[in-house]
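Scroll down for the structure; my scribbles are underneath it.
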Amino acid sequence: MQRVLDFARPGIAFTTVPHAFRRVTHPMQLKRFREYVANNRNRRQKLERVEHFVLDRFRSARNYNLPAHDLDTVDDFVAEATKHIPKYKLDCVLNSDQSSFNYEIVSNCTLSYAGEKATYLSVKCLNAISHSYTVMPIISAAGQLFSSVFICLQEPTGRLPITRAVFSASNMVTSCSTSGKLNKSLAEYWIKEVLDKVVSNRFLLVVDQWSPQADITVYENNLTKRQPCKLLVIPRRATSTKQPCDAYFFPTIESVNKKNISSCISDELDVDLRSRDAILKLQSLVHNQLSSSLFKPMISYAWSTCGYIPKQYSNFSSVIDVCFSLDANSCSNNNCEQSAFICCSY
């Protein structure tokens, strides 16, 4: 309408308007357009503006996922955390959380014919895309990724097989459950076998509200060196923005997993990526590469983006920049004719 009114300015004959705007056929339409513009558009356009306004508000609320009264709780928690963190060395300010990964990772994108109503994707095993295992790393505010990483596999019997050797590495501790998720006994096992070995002095631990790890008595009963532990529990529904592992670190692990798996599939390697040993080897490799000092700024950024510490680094390299941005297509080893797809971060 505004374009029509701008064109039909005073001094312009109405007979020229239909040549530029074919749907304008009568002078009364110009009068009606002027009334609409004076009253902030017509009814349909007003409803569209209301619709866009409500949709924007809904998206904002959904993305933040917090009612107004919870915002104050989160702000109070961050303020409380920033009071305690300066009392500890950044190496002793820790965060640990669980992340689940499906045994078979399937891309949500695939080639399809134009106009196809349903696009089907083949997978090797339906069970593998519905069952998962759990990875539980520990990171510090100084940017360190501690070894070992805790991995909980999904086993139907809840026990690892004793008739066949299971792959093991020095940078991981492996256990299992029937669901592939952690429970109270596995949380205690993690404290004894992982946390107790990486802390020797008093430390501060930031965790979510999962009950087995949010109880201070569990740590007091299972830390063999009796290290003083200050436990900070993140409020409900705030872990996506206030949990350093969730805020930046776990998406990095997922991207490395997908890159490695995609390379194995595209190169048609004879590897069963769903097998127990393949999963453990993959997670051991990922943990080894992310433990490099090159990624300390990245891990530190995960803490600063949550508001716990000031920004320590002005810029940093992502894992894609370091490990998957190769200048050469050939392997660096002599007499190796295979193409390279990952670069060592050390």
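The values are calculated or read from the model by the stated rules, or taken from the named source; none is laboratory data. Keep in mind that this is a model prediction, so the values were computed, not measured. Here the Cβ is made from the backbone with ideal geometry for all residues, glycine too, and neighbour counts use every protein chain on show.
Condition first: in contact with a Leu (Cβ under 9 Å, 6 or more places away or on another chain) and surrounded by fewer than 21 Cβ atoms within 10 Å (Cβ to Cβ). Now tell me which residues in the stretch 280-291 satisfy that.
Within the stretch 280-291, Leu280, Leu282, Ser291 meet the criteria.
Answer with yes or no whether Ser170 is part of a loop (DSSP other than H, G, I, E, B), in the same structural domain as Pro251 (by TED's automatic domain parsing) and under 13 Å from Ser96 (Cα atoms).
Spelling it out, it is not the case that Ser170 is part of a loop (DSSP other than H, G, I, E, B), in the same structural domain as Pro251 (by TED's automatic domain parsing) and under 13 Å from Ser96 (Cα atoms).
Could you list, in sequence order, all residues of the stretch 292-317 that are at pLDDT below 90 and buried (at least 16 other Cβ atoms within 10 Å of the Cβ)?
The answer is Gln312, Phe316.
Taking the condition of being more than 28 Å from Arg276 (Cβ to Cβ) and either at pLDDT 90 or above or under 24 Å from the mean Cα position of the chain (by Cα) (or both), how many residues in the stretch 110-127 meet it?
Residues in the stretch 110-127 being more than 28 Å from Arg276 (Cβ to Cβ) and either at pLDDT 90 or above or under 24 Å from the mean Cα position of the chain (by Cα) (or both): 0 in total.
What number goes with the only condition from (1) within 21 Å of the chain's Cα centre (by Cα); (2) surrounded by 14 or more Cβ atoms within 10 Å (Cβ to Cβ) that Ser130 does not pass?
(2)
Determine which single condition Ile151 fails, assuming it passes every other condition in (1) closer than 19 Å to Leu205 by Cα; (2) modelled with pLDDT of 90 or more.
Of the numbered conditions (1) closer than 19 Å to Leu205 by Cα; (2) modelled with pLDDT of 90 or more, the odd one out for Ile151 is (1).
Under the condition of being among the hydrophobic types (A, V, I, L, M, F, W, C) and modelled with pLDDT of 80 or more, which residue from the stretch 56-90 is nearest to Thr239 (Cα to Cα)?
Among residues in the stretch 56-90 that are among the hydrophobic types (A, V, I, L, M, F, W, C) and modelled with pLDDT of 80 or more, the one nearest to Thr239 (Cα to Cα) is Val74.
Here are some residues: Gln227, Gln209. Which one is modelled with pLDDT under 95, surrounded by 15 or more Cβ atoms within 10 Å (Cβ to Cβ) and not in a strand (DSSP E or B)?
Gln227
Identify, please: which residue in the stretch 247-266 is of a type in the set (Val, Ile, Thr), touching a helix residue (DSSP H, G or I) at 6+ places or on another chain (Cβ under 9 Å) and farther than 16 Å from Ser96 by Cα and is, among those, surrounded by the most Cβ atoms within 10 Å (Cβ to Cβ)?
Checking each candidate, the answer is Val256.
Residues Val199, Val207, Val218, Val233: which one is β-branched (Val, Ile, Thr), farther than 19 Å from Asn288 by Cα and under 18 Å from the mean Cα position of the chain (by Cα)?
The conditions single out Val207.
Would you call Ile342 within 20 Å of Leu153 (Cβ to Cβ) and among the β-branched types (Val, Ile, Thr)?
Criteria not met by Ile342.
What residue, of Asp270, Asp277, Asp321, is modelled with pLDDT of 90 or more, more than 17 Å from Ala142 (Cα to Cα) and surrounded by fewer than 16 Cβ atoms within 10 Å (Cβ to Cβ)?
From the options Asp270, Asp277, Asp321, the qualifying one is Asp277.
Within the stretch 132-167, which residues are in a loop (DSSP other than H, G, I, E, B) and of a type in the set (Val, Ile, Thr)?
Within the stretch 132-167, Thr157, Ile162, Thr163, Val166 qualify.
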